[in-house]
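Here, each number is a calculation from the coordinates, and none is a lab measurement. Small disclaimer: the values here were computed from a predicted structure and weren't measured. Cβ placement follows ideal geometry from the backbone for every residue including glycine, while neighbour counts extend to all protein chains displayed.
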Amino acid sequence: MIQRNDYLTIIDLQNAFLHVLIKTSSHQYLQFHREGVCIPAYLNNLIIITSSPEKARLQTEAVLSKLCLLGFLYKPAKSYLIPTQILNHLRFNINTTTMRLSLLKSKRPDICREAAILQRKQ
């Protein structure tokens, strides 16, 4: 999905978070591919992945425009609309130049706590 040196933007939708279990075999339907652009959706987050900053900017504008036409609102404070190769998304830092995915330091205590809870349940 993400290739080396890809450019990323994020659109965080307002009031769109739904608690829905999604069958693993259906995950393929939660992303859109169009003209070399991949847009996976995670409930209220859209991450736009393209090979160039200009394409990322144009596709982000097009997606935002369509979402607004459909009545969706987005959270500017939680969205990142400037194409970048290093981005924090869903507790992770994504770096397309090094192809590294790392857990955000600020989220490590949360992950450790959740792992401990899961361990106790076993």
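The figures follow:
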| item | result |
| --- | --- |
| Ranked list, fewest to most other Cβ atoms within 10 Å of each Cβ, for LEU70, LEU58 | LEU70, LEU58 |
| Cβ-based exposure ranking for THR24, THR60, THR97, in which fewest neighbours within 10 Å come first | THR24, THR97, THR60 |
| Other-chain or far-sequence residues with amide H under 5 Å of PHE92's (modelled H) | LEU104 |
| Nearby lysines by direct alpha-carbon distance to LYS107 (threshold 17 angstrom, same-chain neighbours under 8 apart not counted) | LYS78 |
| Fewest-first sequence of LEU103, LEU46 by Cβ atoms within 10 Å of each Cβ | LEU103, LEU46 |
| FRET efficiency, LEU104 to LEU58 (Cβ-Cβ, R0 41 Å, nearest 0.05) | 0.90 |
